[in-house]
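These notes concern the structure reproduced below.
The values are calculated or read from the model by the stated rules, or taken from the named source; none is laboratory data. These figures come from a predicted structure and were not determined experimentally. With ideal geometry, Cβ positions are generated from the backbone for all residues, glycine too; neighbour counts draw on all protein chains shown. The area values use the complete protein model at the heavy-atom level, side chains included, leaving out ligands, DNA and RNA. Shrake-Rupley method; radii C 1.70, N 1.55, O 1.52, S 1.80 Å.
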Amino acid sequence: RVARADDPAMTLTQVYNDEEDKYSLAVPSDWERALGDTSPNPQSTRKVIAFYPPGQPDINVNVVATALGADYPKMGSFGSPNEFAYGVAAGMTRPKPRQGPKQFSYVVDAKNAGDKYVIEYTVERPEENFYQHLLSAVGIGYNGRVNRLFTLTAVCPEDRYAEMEPMFRKIFATFETPSTLYP
């Protein structure tokens, strides 16, 4: 069981500062941490860090930092928040897969939150009884070498999302990225 966001015991005391990419966020002190990257190629590597309640990795917040080309100087380069969100959802939907189960993704909400887009969406694979709810904050920042696309995503089984949403939003409020190279 995960403590509620308004529980005094669940203060966000574990602060993570990424020295290389210059972003930070805070999570509950007892949450576990996992690090990784998606490729050994430095040109395409996406660095990933995830935090999750003890023994519950299916509930997590993760940050992916992806290098961006010069043709994406601001979030508006990806279109509006709705266009961006629907692009994410469309990329995750597989109604007629060649292999594996059907998968559907639905946008719940998309908005501009200052220099970031915040999108809420669901992913489901009914054949596997798999239903997830996701909340993402996406922004662009310059780490001193290259512009990066920073994506903070909260992932949770759909039936636990109402319980976890206040904690996720509390964590999201601490998420800071460096300013973009092209303000």
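Kindly evaluate residue 111 against the criterion of being within 18 Å of residue 181 (Cβ to Cβ) and in contact with a strand residue (DSSP E or B) (Cβ under 8 Å, 6 or more places away or on another chain).
It is false that residue 111 is within 18 Å of residue 181 (Cβ to Cβ) and in contact with a strand residue (DSSP E or B) (Cβ under 8 Å, 6 or more places away or on another chain).
Pairs needed: first member in the range 66-80, outside any helix (DSSP H, G or I); second member anywhere, surrounded by fewer than 16 Cβ atoms within 10 Å (Cβ to Cβ); C-beta distance under 6 Å; at least 6 residues apart or different chains.
What qualifies is 66/46; 67/146; 73/182.
Looking at the range 94-127, which of the residues that are surrounded by 14 or more Cβ atoms within 10 Å (Cβ to Cβ) and among the polar types (S, T, N, Q) is nearest to residue 160 (Cα to Cα)?
Going through the qualifying residues, I end up with 122.
Quick one: in the range 17-26, which of the residues that are at pLDDT 90 or above and out of contact with any Leu (no Cβ under 6 Å at 6 or more places or on another chain) is surrounded by the fewest Cβ atoms within 10 Å (Cβ to Cβ)?
19
Counting just the residues of the range 78-93 that are hydroxyl-bearing (Ser, Thr, Tyr) and open to solvent by less than 50 Å² (accessible area, probe 1.4 Å), which one comes out nearest to residue 140 (Cα to Cα)?
Once the filter is applied, the top-ranked residue is 80.
Mind checking which pairs have a first residue in the range 82-103 that is farther than 22 Å from residue 129 by Cα and a second that is of a type in the set (Ser, Thr, Tyr) and modelled with pLDDT of 90 or more, Cβ under 8 Å, 6 or more apart or different chains?
From the range 82-103, the pairs are 84/117; 85/117; 85/121.
Can you pull out the residues in the range 152-183 that are polar (S, T, N, Q), open to solvent by 30 Å² or more (accessible area, probe 1.4 Å) and either closer than 22 Å to residue 108 by Cα or touching a Leu at 6+ places or on another chain (Cβ under 8 Å) (or both)?
The one that is polar (S, T, N, Q), open to solvent by 30 Å² or more (accessible area, probe 1.4 Å) and either closer than 22 Å to residue 108 by Cα or touching a Leu at 6+ places or on another chain (Cβ under 8 Å) (or both): 174.
Can you pull out every residue in the range 32-65 that is in a loop (DSSP other than H, G, I, E, B) and modelled with pLDDT under 85?
38, 39, 40, 41, 42, 43, 44, 45
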